[in-house]
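The values are calculated or read from the model by the stated rules, or taken from the named source; none is laboratory data. If you're wondering where the values come from, they're calculated on a predicted model, not measured in any experiment. Ideal geometry is used to build each Cβ from the backbone, glycine not excepted, and the neighbour counts take in all protein chains shown. We work out accessible area using only protein heavy atoms, side chains counted, and drop any ligands, DNA or RNA first. Shrake-Rupley method; radii C 1.70, N 1.55, O 1.52, S 1.80 Å.
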Amino acid sequence: MFALFDEAGKFLTGRVMSEAESSLQIELDTGKRVKVKAANVLLRFDKPAPAALMGAAQALAPEIELDLAWEFAPDTEFGYADLARDYFSAQATLEQQVAALLRLTDAPHYFRRAGKGRFKKAPPEILQQALAAIEKKQQVQAQIDGWTAELAAGTCPEPIRQQLYKILFKPDKNAPEYKAVVHAARETHLAPLALLQQAGAITNAYQFHWQRFLFEHFPKGTGFPALQAPPVADELPLASVQAFSVDDSSTTEIDDALSVQGLGTGTVVLGIHIAAPGLAIAPDSPIDQVARQRLSTVYMPGHKITMLPDEVVQTYTLEAGAPRPALSLYLTLDETELTVQASDTRLERVPIAHNLRHDQLDQAITADWLQDPAAPAGAPLADDIAALRPELSFLFRLAQVCKARREVVRGKPETFNRPDYTFKLEGVQGDAPHGDETVRIGTRSRGAPLDLMVAEAMILANSTWGQLLADHGVPGIYRSQVSLAPGMKVRMGAKALPHAGIGVPCYAWSTSPLRRYTDLVNQWQIIACVRHGKTAALAAPFRPKDTALFAVISAFDAAYTAYNQFQNGMERYWTLHYLQQHGITELTATLIKDRLVRADDLPLVLNVLGADGLPRGAHLRVRLGQIDDIALDVNGTVIERLDAAPGALEDEADDELDLSTGLAIAVDVDEADAQGAPTAPPASPEAG
């Protein structure tokens with residue numbers, strides 16, 4: 001005798017070897033013997049053989065029309081044999097009964113199980129909903145199959161093109177567009193990014209990087225809502241200075257200006273004047289909400305995304321020609337020793353006499369001109385600019401002394417062996433580049449006089465105001481670094497801690513409130529100190545241990561890091577574009593770490609072959625390989641070691657050597673889909 005029984009939802013057959021009161025001993029076709037509860041036995045039979053019975057039933061089951069079977073089935077609970085007799089005939093065969101059992105079990109949308117071998121048909125409305133869902137699923141699967149075929153054939157369906165960045169970086173893994181890419185990558189054995197490139201989804205490398213950045217950080221676009229900049233309501237006193245700013249020609253957010261008084265008297269007063277949007281923009285106001293969302297201006301060659309709308313910036317920027325509201329720090333200095341004797345912070349209107357542009361003046365305002373009264377300028381200067389020579393000379397001398405003092409605290413000098421590179425795009429049509437413009441890469445000496453005097457003045461302001469906040473018990477946003485030891489990175493926090501990299505006891509960004517949100521927050525806190533003195537902690541917008549302040553710190557740190565990475569990536573893109581534009585296939589470079597070299601005349605770090613065993617600092621000639629402007633990558637091969645002795649190398653943090661070549665996409669071709677499809681071998685290390 002044979003038996004068909006239900007074992008954990010599976011139908012098995014075997015020969016009955018023995019039978020007890022409530023169980024049977026059954027030998028399966030494999031020879032294995034199992035103990036089965038009598039209640040789980042659905043059918044006993046002598047013939048045909050189990051394999052023949054199941055084979056015939058499995059072949060017959062698909063022929064049972066489910067709609068017709070549902071019509072035949074009673075509204076009450078029924079057994080599979082009952083349906084077989086209603087559907088086939090009153091003398092339904094054993095094969096027909098088992099076929100009915102299999103068909104009923106495989107159609108849960110038509111019939112739900114009500115016990116061992118027992119079923120109950122679904123209500124009409126539930127059945128219609130289920131059938132509609134099944135039909136929709138089939139349609140979606142057909143769409144996935146169609147898109148998969150198109151991708152494999154080298155054509156990108158429009159719905160996938162429209163969701164390209166979502167698929168690659170923030171996918172809904174149940175979406176048909178995502179599944180089509182995964183299935184096509186498996187079928188073609190291509191990495192998803194290579195597949196999409198081959199299919200024409202990515203036609204412009206620059207637009208790929210630009211749109212990817214917008215998708216991740218500006219999904220609603222870069223435009224601003226209609227905002228009106230509130231005027232400064234305070235009646236501010238007029239400062240008795242003539243201040244000037246120093247920026248590059250593209251800068252519209254002029255945050256800072258300088259003034260010098262008392263030259264030749266033995267006591268000089270240095271004024272550091274910062275644009276004061278914090279006097280008008282209130283926390284949680286509409287403008288603040290926009291600034292808090294963006295957190296910083298985003299820079300890239302040929303374009304920028306400002307933190308604040310231009311009309312708001314123009315209201316508070318330190319543009320020359322009229323007095324401007326400012327937060328001013330006055331440092332009283334001994335003119336000979338250049339030591340700070342007193343400091344004073346004021347809210348006032350500051351006359352701005354000049355907006356100097358260092359890219360136009362660097363060649364003229366040289367160290368020799370500033371240090372030697374008899375030395376000529378490096379290039380012709382307008383009379384009103386030349387008249388600033390005494391003030392600029394003092395600021396340059398002060399900057400050199402401040403830098404030297406910081407280097408003592410740092411324990412080692414700051415070296416400026418590498419130039420700063422500038423990017424100028426020619427032929428830009430519209431507001432933003434398209435990626436095919438002509439790029440000019442220039443150099444600017446790091447630590448140029450104008451640059452140095454502004455940088456040191458801002459360090460003085462940020463460290464002085466950071467200490468002012470700490471002295472008043474008012475929390476601020478600080479940057480700190482425990483030491484210059486490897487791995488000790490700059491951190492952001494709300495405590496006044498030393499910054500070993502700069503060499504100051506504390507450092508609170510406060511000098512760029514039009515382009516960094518941290519500086520605007522710190523400005524609010526400093527204004528509270530100026531207005532309320534010892535009770536400032538009670539009046540400041542952010543109180544000690546304020547969770548809102550910590551939220552700002554966390555959000556800014558993440559955004560600022562992402563924005564810097566994007567800027568570095570875009571500069572790398574244009575550097576690679578420069579190589580292609582000029583047909584450069586070889587260049588000279590210096591080995592800086594392992595197999596990494598830095599190009600001598602371009603802002604480019606790359607991996608090379610053939611550098612094994614060479615000392616750090618070795619000067620090499622490198623032949624360039626193929627450029628990948630999607631991965632922002634180019635490799636090289638050492639073809640010659642040059643005789644010229646390498647110069648001294650600066651110590652560099654690992655993050656400064658990040659080549660930005662990896663694209664971390666979120667498409668996982670190894671992940672089984674919802675239907676449990678088998679996975680293919682990895683297409684590429686890039687996948688996932």
In segment 447-458, is there at least one residue being assigned to a loop (DSSP other than H, G, I, E, B) and either touching a residue at least 40 places away in the same chain (Cβ under 8 Å) or not hydrophobic (A, V, I, L, M, F, W, C) (or both)?
-> yes
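Got at least one residue in segment 392-413 being under 30 Å from Val439 (Cβ atoms) and open to solvent by less than 60 Å² (accessible area, probe 1.4 Å)?
From segment 392-413, those under 30 Å from Val439 (Cβ atoms) are none; that's our starting set.
Scanning segment 392-413 turns up no residue that is under 30 Å from Val439 (Cβ atoms) and open to solvent by less than 60 Å² (accessible area, probe 1.4 Å).
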Are any of the residues in segment 566-582 surrounded by 15 or more Cβ atoms within 10 Å (Cβ to Cβ), touching a Leu at 6+ places or on another chain (Cβ under 8 Å), β-branched (Val, Ile, Thr) and in a helix (DSSP H, G or I)?
-> yes
Of the residues in segment 473-502, those that are open to solvent by 60 Å² or more (accessible area, probe 1.4 Å) and in a strand (DSSP E or B) come to Arg491
Evaluation of Pro682 against (1) modelled with pLDDT of 50 or more; (2) touching an Asp or Glu at 6+ places or on another chain (Cβ under 8 Å) (one fails), failing number | (1)
Residues located in segment 547-584, provided they are touching a strand residue (DSSP E or B) at 6+ places or on another chain (Cβ under 6 Å) and closer than 18 Å to Gln207 by Cβ | Gln567, Met570, Trp574, His577
Assuming Leu53 fulfils every condition listed in (1) closer than 18 Å to Thr105 by Cβ; (2) modelled with pLDDT of 90 or more; (3) exposed (fewer than 12 other Cβ atoms within 10 Å of the Cβ); (4) not aromatic (Phe, Trp, Tyr) apart from one, which condition is it?
-> (3)
Working carefully through the options Phe208, Phe224, find the one that is under 25 Å from the mean Cα position of the chain (by Cα) and either open to solvent by less than 50 Å² (accessible area, probe 1.4 Å) or among the β-branched types (Val, Ile, Thr) (or both).
-> Phe208
The one condition Tyr87 fails out of (1) open to solvent by 30 Å² or more (accessible area, probe 1.4 Å); (2) closer than 30 Å to Leu195 by Cα; (3) of a type in the set (Ser, Thr, Tyr) is (2)
Screening Thr93, Thr30 for residues that are β-branched (Val, Ile, Thr), at pLDDT below 90 and surrounded by fewer than 17 Cβ atoms within 10 Å (Cβ to Cβ) leaves only Thr30
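Suppose we keep only residues that are within 23 Å of Gln197 (Cα to Cα) and basic (Lys, Arg) within segment 128-186. Which one would you say is surrounded by the most Cβ atoms within 10 Å (Cβ to Cβ)? Can you show your working first?
Filtering segment 128-186 down to residues within 23 Å of Gln197 (Cα to Cα) leaves 143-186.
Filter again for basic (Lys, Arg), leaving 161, 166, 170, 173, 179, 186.
Working: Arg161: 16, Lys166: 16, Lys170: 11, Lys173: 14, Lys179: 25, Arg186: 21.
Across segment 128-186, the extreme among qualifying residues is Lys179.
Out of Ala229, Ala201, Ala233, which single residue is crowded, with 18+ Cβ neighbours inside 10 Å, small (Gly, Ala, Ser) and outside any strand (DSSP E or B)? Walk me through it before giving the result.
Working: Ala229 fails: crowded, with 18+ Cβ neighbours inside 10 Å; Ala233 fails: crowded, with 18+ Cβ neighbours inside 10 Å.
Of Ala229, Ala201, Ala233, the one residue that is crowded, with 18+ Cβ neighbours inside 10 Å, small (Gly, Ala, Ser) and outside any strand (DSSP E or B) is Ala201.
Those residues that are among the aromatic types (Phe, Trp, Tyr) and under 16 Å from Val41 (Cα atoms), I need them from segment 67-116; list them, please. Let's see the steps before the verdict.
Within segment 67-116, the subset among the aromatic types (Phe, Trp, Tyr) is 70, 72, 78, 80, 87-88, 110-111.
Matches in segment 67-116: Tyr80 only.
Which ones in segment 622-642 are among the acidic types (Asp, Glu) and open to solvent by less than 60 Å² (accessible area, probe 1.4 Å)?
Looking only at segment 622-642, we keep the residues that are among the acidic types (Asp, Glu), and these are 628-629, 633, 640.
Of everything in segment 622-642, those that are among the acidic types (Asp, Glu) and open to solvent by less than 60 Å² (accessible area, probe 1.4 Å) turn out to be Asp629, Asp633.
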What do you reckon, is Ser296 in contact with a helix residue (DSSP H, G or I) (Cβ under 6 Å, 6 or more places away or on another chain), of a type in the set (S, T, N, Q) and at pLDDT 95 or above?
-> yes
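Kindly indicate which of Ala353, Ala387, Ala377 is without any contact (Cβ under 8 Å) to a residue 12 or more places away in the chain and not basic (Lys, Arg). Break it down into steps so the answer makes sense when it comes.
On the way: Ala353 fails: without any contact (Cβ under 8 Å) to a residue 12 or more places away in the chain; Ala377 fails: without any contact (Cβ under 8 Å) to a residue 12 or more places away in the chain.
Of Ala353, Ala387, Ala377, the one residue that is without any contact (Cβ under 8 Å) to a residue 12 or more places away in the chain and not basic (Lys, Arg) is Ala387.
Tell me the residue from Arg44, Arg103 that is crowded, with 17+ Cβ neighbours inside 10 Å and at pLDDT 90 or above, please. Steps first, please.
Details: Arg44 fails: crowded, with 17+ Cβ neighbours inside 10 Å.
The unique qualifying residue is Arg103.
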With the checklist (1) part of a strand (DSSP E or B); (2) more than 30 Å from Thr422 (Cα to Cα); (3) among the charged types (D, E, K, R) in hand, flag the one item Asp288 doesn't pass.
-> (1)
Any idea which residue in segment 414-451 is most open to solvent (accessible area, probe 1.4 Å), counting only those that are modelled with pLDDT under 90 and hydrophobic (A, V, I, L, M, F, W, C)?
-> Phe416
